[in-house]
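For reference, the structure is listed below as structure tokens.
The values are calculated or read from the model by the stated rules, or taken from the named source; none is laboratory data. Just so it is clear, the model here is predicted, and its values are computed rather than measured. Here Cβ is always computed from backbone atoms with ideal geometry, including for glycine, and neighbour counts include all displayed protein chains.
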Amino acid sequence: MLCSCKCSIFADIKQFDMKFFIDTANLDQIREAYDLGVLDGVTTNPSLMAKEGIKGTENIMNHYKAICEIVDGDVSAEVIATDYEGIIREGEALAALHPQIVVKVPMIKEGIKAIRYFSNKGIRTNCTLVFSTGQALLAAKADATYVSPFIGRLDDISSNGVGLIEEIVDMYAFYGFETQVLAASIRHTQHIIDCVKAGADVATCPLESILGLLKHPLTDIGLEKFLSDYKKLNG
Ligand code: E4P
């Protein structure tokens, strides 16, 4: 049985660091996060692409390639099709674009079948729009590379988003599933901290939430004092 204290199990089950993805299709924000030196990847979705005004298959494909050229890590690119053949066709085209592409597939029946197909072919996947432990179980059984529980959208309907991350992390550890838990729909900096405590493998965050981690009033007060003391003697 797993210990209910998350901290005590980390040392035994975690073989890698927590990864940090940025959740945007905005190239400037991706560059800014990458320049911080702490970025492990990018997630996008059709809404984020639309927000940047990227339309038409060729432009969309070129945009994914541009993102891959900025960052070193995984870049999730989502299929639009919802039928099995369409998901396979789009997913294979996306995967062929760049080795960093991870094909993002919705948590639907045809999506799970497609994830199994992609897993068998060595194409990495991110199972998206996950809102329950049962859905996360299916994603892991299909060998998805990542599963994306949407914590902010659960919080929006008075459900416990971070609680879902904890349940999935525990279930995957108990059964030894290799699917990585990618906490998505993060809305603020405290969500990131809560996902760390819950043992998520990855947090995908808006730039503002990442930058929020830098902030502490005592850091600002301390720095101001150091600099003013220096200036008193050194001018
Ligand atoms: C990322 O993979 C998800 O698509 C994204 O985090 C959803 O975030 P939202 O709920 O803020 O739209």
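Summary of computed values
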item	result
From ILE67, ILE80, ILE101, residue being surrounded by fewer than 21 Cβ atoms within 10 Å (Cβ to Cβ), at pLDDT 95 or above and within 16 Å of the ligand (Cβ to nearest atom)	ILE80
Residue within segment 140-154 that is surrounded by fewer than 24 Cβ atoms within 10 Å (Cβ to Cβ), among the β-branched types (Val, Ile, Thr), within 24 Å of ILE22 (Cβ to Cβ) and within 16 Å of the ligand (Cβ to nearest atom) present	yes
Within segment 75-90, tally of residues that are within 21 Å of ALA50 (Cα to Cα), part of a helix (DSSP H, G or I) and touching a Lys or Arg at 6+ places or on another chain (Cβ under 9 Å)	1
Selection count where residues are within 14 Å of the ligand (Cβ to nearest atom) and either closer than 18 Å to GLY41 by Cα or surrounded by fewer than 17 Cβ atoms within 10 Å (Cβ to Cβ) (or both), scope segment 156-186	10
